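Peer 1: A single structure is presented below for examination.
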Amino acid sequence: MRTRMKVATLVAVAAAALTACSSSDDSSASADFNKADVSFAQDMIPHHRQATEMAALAKTRTDTAAVLELAADIEAAQGPEIDTMTGWLKEWGKDVPADGDDMGGMDHSNMGDDSSSMPGMMSDDQMAELEASSGVAFDQMFLTMMVAHHEGAVQMAKAEQSDGKNAEAKALAGTIRKDQTAEIATMRDLLGS
C-alpha cells in the first residue's frame, strides 16, 4: 500500500512539475528576446501611433469611401499591435515610448542625412499640412504620405525578421510586412485612379 501511495505521490509531483515547466516555458518563450526585438517594439510603437493619428484625420477630412475604409483598417490593425508591443516591453522590463516620443530605441546613425527620424515617419510640418487639408487634397496627401510611412514599417519589419530573436515579435513583423505591403498596393492603385 505504501509503495502505491509513494508511486501515486511521485506521479502527482511529476505531473505538477511538468505543468509548471510547460507554463514557465510559455512565458519564457515570450521573454526570450534580444536587442533587435526591443528596438523593433520601441520603434514600431511610435511609428504605429503616427499612422493611427494620420488615419484618424480621415474621419473629418474626406468623404472618399476607399480612403475612409483604408484609414479604419489601419486604426483597427495597428491599435492592437501597439498594445501587444507595449505588453512585451513591460514583460521584458524595457521602456515603453511615451506618447509624442517618435524616436523609440532605434540606432539612427545609418539613416542618411535625416537621422532624426525613423523610416517613413512624417515631420511635424508634414503632419500639420495633412491636418490642414481636406477633400481631394487630403486624399492625395494622405495616400502619398501613408505609402511612405508603410514602406518604412516594412523596412523595420524586415530588420526584425532578420535580426530578432523573439518568435512572437518576428511573427508580428511578418504580419506587418504582409498587411502593409498589401495596403501599399491598394494606396498606389487609389493614387493612380
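Peer 1: Please sort 182-193, 61-72 by packing, taking for each peptide the average over its residues of neighbouring beta carbons within 10 angstrom, highest first. Don't skip to the end; give the middle numbers.
Peer 2: Working: 182-193: 13.6, 61-72: 16.7.
Listed from highest to lowest mean packing, they are 61-72, 182-193.
Peer 1: Could you compute how much accessible surface residue 60 exposes when probed at 1.4 Å, giving the result in Å² to the nearest 10?
Peer 2: Number for this one is 110 Å².
Peer 1: Separation of the stretch 58-92 and the stretch 118-193 by C-alpha centroid, Å?
Peer 2: Cα centroid of the stretch 58-92 versus Cα centroid of the stretch 118-193: 11 Å apart.
Peer 1: From the protein chains alone at 1.4 Å, what is the descending order of accessible area for 130, 172, largest first? Mind showing how you got there, number by number?
Peer 2: On the way: 130 0, 172 25 Å².
Descending order: 172, 130.
Peer 1: Out of residues 5 or more away from residue 118 or on other chains, whose amide H comes under 5 Å of its own, with H placed 1.01 Å from N in the peptide plane?
Peer 2: Amide H neighbours of residue 118, under 5 Å, 5+ apart: none.
Peer 1: In straight Cα distance, which lysines are under 28 Å from residue 165, not counting same-chain residues fewer than 8 positions off?
Peer 2: Correct list for residue 165: 35, 90, 94, 178.
The values are calculated or read from the model by the stated rules, or taken from the named source; none is laboratory data. Since the structure is predicted, the reported quantities are computational estimates derived from the model, not experimental observations. Because the Cβ atoms are built from the backbone with ideal geometry, glycine has one as well, and the counts that use them run over all protein chains shown. Quick note on the areas: whole protein, heavy atoms, side chains included, nothing else; ligands and nucleic acids left out. Shrake-Rupley method; radii C 1.70, N 1.55, O 1.52, S 1.80 Å.
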